[in-house]
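The values are calculated or read from the model by the stated rules, or taken from the named source; none is laboratory data. Since the model is a prediction, treat every value here as computed from it, not as a measurement. With ideal geometry, Cβ positions are generated from the backbone for all residues, glycine too; neighbour counts draw on all protein chains shown.
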Amino acid sequence: GQSLYMAEGFVDVNGEFQSGTRYAGHTTSLYAEVGLAERLQVNAYLPFTVAINTFPDDWQYMRGGLTDGKLGLQWSPIAAVPFALRADTSIPLYDVGDYDGPFEERIPMLGDGQFDQTLAVSYGAGFSQIQSYAFAELGYLHRTEWFLGKGPAADREYGDGVVWAAQFGRTFLSRPVIAVSGNGVVPFSNTRFTKGYAAVGVTAYVPVTRRLAIEGGAFWTPWARNSARGSSYSLGVSISE
């Protein structure tokens, strides 16, 4: 899939918000889910981002590379109940220690650079009378201080938080699915490097064939803490077996 995130401002390598600037990040990603056993599946996410920070003097600073991948498991313990448990790990595929240099505060970061673990529970329900469905997820995010490579030059403190997601969708004309979605992170603490946000938007799922579909979405970030508020747009192709 392809996605574009744009914001007025960004958080630099020292955790300081740089206002009066523009950020744009274009991401190409792969996402896969594979069943391991009945009601048990593994999922993986691999993103590559090219990010640009633009300053008022029209100087632009670009950085590209692999960002935070994810590897997780999802288990639905009861076949008759639309309830699932999900556990995943965020894996930094870069080293924040590479940001040394005279322009380190201007160069885009690919992420915070440390491993995170999430444990979440989800529940869904379908409403056949109105061809709709609803989904909600609530979980705990544990932010570690384990880094890939040499890590940052100084110690950083990351706070844990609550992760959430919700979606309500409806099928139109027996094929496309349009959904209103939201997701976010609410941290328990307000340290400089602990980010929080809430995003809301609209997604679409359009089947082309029995196995092939086109997916797209647009999201807006109305609230953010130690992070930039912006908007994102995505378009992708999904294949199912």
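Taking the condition modelled with pLDDT of 90 or more, over 15 Å from the mean Cα position of the chain (by Cα), within 19 Å of D88 (Cβ to Cβ) and among the hydroxyl-bearing types (S, T, Y), does T171 pass?
Working: modelled with pLDDT of 90 or more: yes; over 15 Å from the mean Cα position of the chain (by Cα): yes; within 19 Å of D88 (Cβ to Cβ): no; among the hydroxyl-bearing types (S, T, Y): yes.
Taking the combined requirement at face value, the residue does not satisfy it.
Can we say A125 is over 22 Å from the mean Cα position of the chain (by Cα), farther than 18 Å from V42 by Cα and assigned to a strand (DSSP E or B)? If you could, list the steps in order and put the result at the bottom.
Working: over 22 Å from the mean Cα position of the chain (by Cα): yes; farther than 18 Å from V42 by Cα: yes; assigned to a strand (DSSP E or B): yes.
The answer is yes for A125.
When we screen A44, A84, A80 for residues that are of a type in the set (G, A, S), more than 29 Å from R192 (Cβ to Cβ) and free of Cβ contacts under 8 Å to residues at least 24 places away in the same chain, the only hit is A80.
Quick check on region 182-196. Is at least one of its residues farther than 28 Å from W223 by Cβ and touching a Phe, Trp or Tyr at 6+ places or on another chain (Cβ under 9 Å)?
Step one: of region 182-196, the residues farther than 28 Å from W223 by Cβ are none.
Checking region 182-196: not a single residue is farther than 28 Å from W223 by Cβ and touching a Phe, Trp or Tyr at 6+ places or on another chain (Cβ under 9 Å).
With the requirement that a residue be among the β-branched types (V, I, T) and either touching a residue at least 40 places away in the same chain (Cβ under 8 Å) or farther than 30 Å from T203 by Cα (or both), what does region 143-179 give you?
Across region 143-179, the qualifying residues are T144, V163, T171.
Mind listing just one residue for me: the one in region 126-163 that is acidic (D, E) and farther than 25 Å from R86 by Cα and, of those, surrounded by the most Cβ atoms within 10 Å (Cβ to Cβ)? Lay out the reasoning, then the answer.
Initially, region 126-163 is screened for residues acidic (D, E), giving 137, 145, 155, 157, 160.
Pick out the ones that are also farther than 25 Å from R86 by Cα and you get 155, 157.
On the way: D155: 7, E157: 11.
For region 126-163, the residue satisfying everything is E157.
Got at least one residue in region 94-114 being under 26 Å from Y5 (Cα atoms) and assigned to a strand (DSSP E or B)? Taking every residue of region 94-114 in turn, at least one turns out to be under 26 Å from Y5 (Cα atoms) and assigned to a strand (DSSP E or B).
Evaluating A228 against the criteria (1) under 15 Å from the mean Cα position of the chain (by Cα); (2) under 25 Å from T28 (Cβ atoms); (3) part of a strand (DSSP E or B) leaves one unmet condition, (3). The set of residues in region 55-73 that are surrounded by 12 or more Cβ atoms within 10 Å (Cβ to Cβ) and outside any strand (DSSP E or B) comprises F55, T67.
Looking across region 174-202, the residues that are under 20 Å from D88 (Cβ atoms) and among the β-branched types (V, I, T) come down to V185, V186, T194. Residues in region 174-188 that are over 17 Å from the mean Cα position of the chain (by Cα) and surrounded by 17 or more Cβ atoms within 10 Å (Cβ to Cβ): 2 in all. Taken as a whole, the structure places T209 among residues that are surrounded by fewer than 16 Cβ atoms within 10 Å (Cβ to Cβ), at pLDDT below 95 and in a loop (DSSP other than H, G, I, E, B).
Does S189 meet the test of being on the phi > 0 side of the Ramachandran plot, not in a strand (DSSP E or B) and not charged (D, E, K, R)? Reasoning before the result, please.
Details: on the phi > 0 side of the Ramachandran plot: no; not in a strand (DSSP E or B): yes; not charged (D, E, K, R): yes.
Criteria not met by S189.
Checking each residue in region 97-125 for being more than 24 Å from F48 (Cβ to Cβ) and surrounded by fewer than 13 Cβ atoms within 10 Å (Cβ to Cβ) picks out P102, A125.
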